[in-house]
Each structure stands twice: as structure tokens, then as C-alpha cells.
Amino acid sequence: MDEQLKAKLKEWAGTYNVKSFIPDDPVQFPHRFTEKRDIEISAFITSWISYGRRELILRKADWLHSRMGGSPYEWVLSGRYRELVSDVPVGKRDTFYRFYTHSDLCALCDRLKEIYERYDSLEDASAASPYPNPVLKLQGLFSGINGIPVMGGTSACKRLAMFLRWMIRTDGIVDFGIWKTAFHPRQLIIPLDTHVHQISLELGLTQQRTATLKTALEITEALSHIFPDDPCLGDFALFGYDINKGK
């Protein structure tokens with residue numbers, strides 16, 4: 001990659017890693033809260049449903065947060081999420097969002113409830129996990145939950161990587177940086193979907209032809225040469241490249 005393009009990527013990272021990015025992105029939902037556990041739960045559930053078209057994700061996340069009320073943490077600890085299953089009419093197909101059922105959501109919330117009954121925060125639970133990196137730690141904590149990729153697979157784990165970016169990146173602009181004790185931004189992996197993969201191919205950040213974990217790691221390594229110690233700042237740079245290419 002030539003130095004001029006590197007300079008443009010750094011410029012775009014600064015242009016799009018701004019507060020005005022938040023209202024059109026799923027990260028807007030955890031930004032409604034200030035208490036750490038509320039932010040963690042809102043962010044994890046929002047990232048879990050982040051499949052498909054952005055407007056559909058935002059609509060479903062907004063509806064779900066209206067059910068959570070002022071504290072996702074209290075919503076989970078009280079078990080009120082189980083009302084969503086009881087609200088499904090008898091004989092009607094149990095569909096929550098895309099391929100998720102309300103029972104899937106309840107299973108996820110059951111697991112969150114178990115975690116918060118044992119640990120003060122999801123960060124503490126992740127730090128206590130024996131696995132060597134943040135993605136594997138979350139895969140272990142949420143093993144068996146629909147939508148959580150299995151350990152040892154080839155999934156790029158985009159939604160887990162996105163959640164971790166929100167929690168760990170430390171500039172406090174778009175991302176929260178509230179996981180300060182056990183993790184560092186250099187441990188993050190780029191949240192990779194087919195669109196980011198295509199952009200990365202265009203820029204020569206990877207030669208891999210499929211959007212797998214290996215590809216995500218390769219792109220992250222390439223971005224670390226532009227954004228040392230904070231490769232996922234490059235996520236905003238790739239967004240900026242996509243917006244500005246052809247101009």
C-alpha cells in the first residue's frame with residue numbers, strides 16, 4: 001500500500017470516528033445508557049441481532065430496547081425477558097428476528113443472567129475465562145447459544161468482534177472503552193462481513209477470497225501497520241474509503 005493511501009485512511013479514520021457516526025449505527029443503543037452493566041447488556045444483545053439490512057437491525061433493536069426500559073441489567077436480572085416468549089400467541093410461529101426465535105433470545109438472556117449472578121460485569125466474566133483471546137472467551141461464555149459461532153470454526157465472528165470493539169477501544173468517541181483492566185485494543189479483530197472483505201480486497205489488505213476468521217486476522221494485521229496498537233480504528237477508515245471512493 002502506498003503512503004498516499006495510508007495517509008488517506010488515517011484521515012478517513014479521523015473523519016468518521018466522530019459522535020455524528022452514532023445515530024445511524026447500532027452502537028446508538030448502548031449509548032442510551034451510562035451504567036457499565038446496562039451498556040454491556042445492551043451492546044451484546046444489539047450486536048447479537050446485527051444481521052441483515054441496517055434499517056431492519058435498528059428497527060428491531062429499538063423495539064427490543066423499548067421492552068428493556070431504563071435498565072437492561074434490571075430487565076435481565078428480573079427475568080422480564082421471559083415475557084417475550086409468553087407473548088407469542090399459541091399456534092403462531094415463534095419468530096423474533098430473522099432466524100432467531102424468542103426462545104433463542106431467552107436462552108441468551110438466561111446465560112447473561114447466570115453470568116451477572118456470578119460476576120460483577122461481563123468484563124470480569126471474560127477476564128476469568130481460561131481462553132487466550134477476547135473472541136474465544138466470549139465463545140466459551142456463550143457456548144451453545146444460537147448465533148454464537150462455535151470455537152474452532154472458520155467464522156469471522158463479526159458480531160462478537162464488533163461488540164468487543166465497542167467495549168475495548170479507548171478513545172471514547174464512538175466506542176466506549178469501558179473494558180480497561182484485562183484487555184487492550186491491539187487484541188481486537190476487525191469486524192468482517194462480505195462488504196468489508198470486498199473493500200479489503202480492493203485495498204490489498206488481504207488476498208483471501210472468503211470472509212473467514214483467517215481473513216479477518218490478515219486484514220487486522222495489515223491495519224496494525226497503519227494504526228499501531230489500535231488496528232480496529234481502521235474499521236472507520238474502511239468505512240471512509242467506501243464512502244469516498246470514486247469521488
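Nothing in this text is a laboratory measurement; each read-out follows from the coordinates by a stated rule. The shown structure was predicted, so the numbers you read here are calculated from the model rather than taken from an experiment. Cβ atoms come from the backbone with ideal geometry, glycine included; neighbour counts cover every protein chain shown.
Summary of computed values
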{"item": "Within-12-Å neighbourhood charge of residue 182 [Cβ basis; K, R +1; D, E -1]", "result": "0"}
{"item": "Region 3-244: Rg to Rh, with Rh as the Kirkwood radius over Cα pairs", "result": "0.96"}
{"item": "Difference of contour (0.36 nm per residue) and Cα-Cα distance, residue 83 to residue 59", "result": "6.7 nm"}
{"item": "Top of 39, 189, 22 by mean-square fluctuation, Gaussian network on the chain, Cα under 10 Å", "result": "22"}
{"item": "The chain - percent relative contact order, Cα under 8 Å, separation 6 or more", "result": "23 percent"}
{"item": "GNM result for the chain, Cα springs below 10 Å: residue of 217, 160, 192 fluctuating most strongly", "result": "217"}
{"item": "Cα long-axis angle, helix 158-168 against the chain (0 to 90 degrees, to the nearest 10)", "result": "90 degrees"}
{"item": "Choice from 32, 82, 209 with maximal GNM fluctuation in the chain (Cα, 10 Å cutoff)", "result": "209"}
{"item": "Segment residue 151-residue 101, length gained on full extension (0.36 nm per residue, minus Cα span)", "result": "15.7 nm"}
{"item": "Estimated distance in nm for a label pair at residue 110 and residue 184, the labels positioned 7 Å out from Cα along Cα-to-Cβ", "result": "3.9 nm"}
{"item": "Full-stretch length increase - residue 170, residue 133 - with 0.36 nm per residue and alpha-carbon distance subtracted", "result": "11.6 nm"}
{"item": "Using alpha-carbon coordinates, inclination of helix 3-16 to the longest axis of the chain, degrees", "result": "30 degrees"}
{"item": "Relative contact order of region 93-146, pairs being alpha-carbon contacts under 8 Å that are 6 or more residues apart, as %", "result": "29 percent"}
{"item": "Residue order, fewest to most beta carbons within 10 Å, for 181, 215, 95, 101", "result": "181, 95, 101, 215"}
{"item": "Largest-first principal axis extents of the Cα set of region 1-67 (Å)", "result": "49, 28, 18"}
{"item": "Projected label distance in nm at residue 208 and residue 15, using a 7 Å step from Cα toward the beta-carbon", "result": "2.8 nm"}
{"item": "Taking 190, 199, 45 and counting other C-beta atoms within 10 Å, the order from fewest to most", "result": "199, 45, 190"}
{"item": "Globularity ratio of region 113-157, using Cα Rg and 2.2 N^0.38 Å", "result": "1.15"}
